[in-house]
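In what follows, a structure is listed as C-alpha cells, so that the remarks can point back to it.
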Amino acid sequence: MTDESPNHGLDPVLGGILHALDGVDVWVDSGTLLALRRDQRLLSWDGDIDLSCWVDDIHDLEARTDALRALGYNVAVRRL
C-alpha cells in the first residue's frame, strides 16, 4: 500500500478484505473490534474477521462474497 491508500496502516489481510468490499458500508465488529482496540492488531490465533453492515447494505455485501472467495477466504453471512 502506498501512503495515499485509504487503508494505510491496516493489517494487510483486513486491508485486502476492505478493498474487496469497497463501496459497501461495513465496519469491524465483535472480537475483531476488541482486538484492534485493545492490542492494535488482529490476533494471530483468531481465525476470523468479524464485519457488520446495515441491513440495507446486505445485498451489496452478499454480491461481493464471490470476490472474497476468489481471494481464498471462507465467507459466512449471518443476519442477527
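The values are calculated or read from the model by the stated rules, or taken from the named source; none is laboratory data. The structure presented is a predicted model; accordingly, all values stated were derived computationally and were not measured.
If we keep just the residues of region 8-35 that are hydrophobic (A, V, I, L, M, F, W, C) and not in a helix (DSSP H, G or I), which is modelled with the lowest pLDDT?
At the first step, the residues of region 8-35 found to be hydrophobic (A, V, I, L, M, F, W, C) are 10, 13-14, 17-18, 20-21, 24, 26-28, 33-35.
From what's left, not in a helix (DSSP H, G or I): 10, 21, 24, 26-28.
Working: 10: 69, 21: 89, 24: 90, 26: 91, 27: 93, 28: 90.
So, considering only residues that are hydrophobic (A, V, I, L, M, F, W, C) and not in a helix (DSSP H, G or I), the one modelled with the lowest pLDDT is 10.
What are the residues in region 36-57 that are within 21 Å of residue 80 (Cα to Cα), hydrophobic (A, V, I, L, M, F, W, C) and at pLDDT below 90, if any?
49
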